[in-house]
Structures are given as C-alpha cells and as structure tokens.
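This report refers to the structure that appears directly beneath it.
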C-alpha cells in the first residue's frame, strides 16, 4: 500500500511534452498511478493533467490534504447525485474531512442539508451549513430524517460513514439517489438509485475547487503536521481517525 495519495509541492522538473506547468510552479494533486511508493517523500512524479496550480494565498498544509476529499465531494454531488438547488440532501458522516466538504458544497449549491455526525464532531457539520444535525449513534436517526422531510425521505444522500449505507438507504425517498464512498453494499428493496463513488484525478476541477478554498468558501481542518522523519507517528494518528482532522507529512518546516 502506498503511503500518501495526495500532495502539494514546487515543480522541480517537467517532461518535454508538458506545457501547463513549469519549474518553480506551486501545485497540488491526487498523484496516481504511482511511479514509486507514494507521496510521503521529498520528491514525487505526477501526471501534469492531474495537477492544479496552488493559489498564492493557500497554505501548504491545506493544499496537501485537499485534493482527495475535495474531488470526492464534487464528484459525488455533481456526477453521482446531480444535486439540485432546493432538494433535501442527507450527508451521513459529516464530521470527517470528506463529509464536511460534501455538506459545504451541497449548501453552496442550494440544497437543504440534513447531516449526521457523532456528538464530538457535530459542530463541524453545523458550521459547514447543515440545517439539521442528527447523532448517528441514535439508531432511529433514519426515521428522524423522514419526519423532517414530511414522511417522504431525502431526495439524495451521500454516506461517508463506514458501514452506514444501509441506514442511509432507509432515509431516502422512493425514486431518490444514494452515493456511498465507503464501498458498502445495499440490498435495494425499493426504487432507489445506488452508486459506489470512487474518486478520479482531475486537474482542472481541482484547480477550481482550490480557488474556492483559497477564498474561504470551503474550509479544511488540519490537525497535525509532522516532519518526514516522524512519518510513523503521523501514520499512527492518521489510522486512528484523526478526530475528523487531516494529518500532514512534510519534508521541510511549514
């Protein structure tokens, strides 16, 4: 397994066919497929088409951890669910990085967002733009979603909570849409369109999202920054869940 699948840095060399970036440019990217063993390194080779220019006002830590959750959120909302203004949107697992971005982007698109999170992370869901925030430890939260929607259910739902697709399915209206980023399976016993969403590298889309982040229209939560020599400590924190915050590894002080 590669360590690090997103990164930000300064271009030190370009291939002969690259015309979009030059030496000295600051970029961020979801850098797959890998030439070696991942982005926890001093140097990494990335496809130019997958890179986005880093806005000057965007900090390195935010830029480094932004590509995957941002691209995932945008692709879930626009490609998998085609969320429209005025629709009721459920985001199950809004306390994590990706879930919070899905809430933010859905709210910007004019959706009426109902979100779930644990009590410790509930404030993040509210701050992101959720109109209603439910505790997913309450086994009856899908019923609460239906009550909040007049007994119908949400028109669309995204689940970023591992193992939560089946519960989210119960909170969606017949004829609605569900996208899961956790590879959960759902036994669909009524008419709901279910998609597994897998993030794709997309330099131009990432560039547009990075601009939103630099202007403060989207936000990231960076919990810790470790020097590369302490990558093992960073991995321990990252695999523990990070309390909904990103973990950064850097070869130089930030």
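Observations, loosely collected:
- Candidate set from the range 140-185 (those that are in contact with a helix residue (DSSP H, G or I) (Cβ under 6 Å, 6 or more places away or on another chain) and assigned to a helix (DSSP H, G or I)); member that is nearest to residue 130 (Cα to Cα): 142
- Of the criteria (1) surrounded by 20 or more Cβ atoms within 10 Å (Cβ to Cβ); (2) closer than 29 Å to residue 153 by Cα; (3) more than 15 Å from the chain's Cα centre (by Cα), which one residue 234 fails: (2)
- Test: residue in the range 59-69 that is in contact with a helix residue (DSSP H, G or I) (Cβ under 6 Å, 6 or more places away or on another chain) and at positive phi: no
- The set of residues in the range 73-96 being part of a helix (DSSP H, G or I) and surrounded by fewer than 24 Cβ atoms within 10 Å (Cβ to Cβ) consists of 74, 75, 78, 79, 80.
- Boolean, residue 58 is closer than 30 Å to residue 227 by Cα, over 13 Å from the mean Cα position of the chain (by Cα) and not assigned by TED's automatic domain parsing to the domain that holds residue 189: yes
- Qualifying positions in the range 196-213 - over 13 Å from the mean Cα position of the chain (by Cα) and at pLDDT below 95: 196
- Count of residues meeting criterion [at pLDDT 95 or above, more than 16 Å from residue 184 (Cβ to Cβ) and touching a strand residue (DSSP E or B) at 6+ places or on another chain (Cβ under 7 Å)] in the range 87-104: 4
- Counting only strands (runs of 3 or more DSSP E) that sit wholly inside the range 1-69, not one has at least 3 residues that are touching a strand residue (DSSP E or B) at 6+ places or on another chain (Cβ under 7 Å), touching a residue at least 24 places away in the same chain (Cβ under 8 Å) and surrounded by fewer than 12 Cβ atoms within 10 Å (Cβ to Cβ).
- The number of residues in the range 82-127 that are touching a helix residue (DSSP H, G or I) at 6+ places or on another chain (Cβ under 6 Å) and free of Cβ contacts under 8 Å to residues at least 12 places away in the same chain comes to 0.
- Some residue of the range 228-239 being at pLDDT 95 or above and either in contact with a helix residue (DSSP H, G or I) (Cβ under 7 Å, 6 or more places away or on another chain) or within 30 Å of residue 108 (Cβ to Cβ) (or both): no
- For the range 152-160, the criterion of a residue being at pLDDT 95 or above and more than 21 Å from the chain's Cα centre (by Cα) is satisfied by at least one position.
The values are calculated or read from the model by the stated rules, or taken from the named source; none is laboratory data. These numbers were taken from a predicted model, which means no experiment stands behind them. A quick note on method: Cβ atoms are made from the backbone with ideal geometry, for glycine too, and the neighbour counts reach across all protein chains shown.
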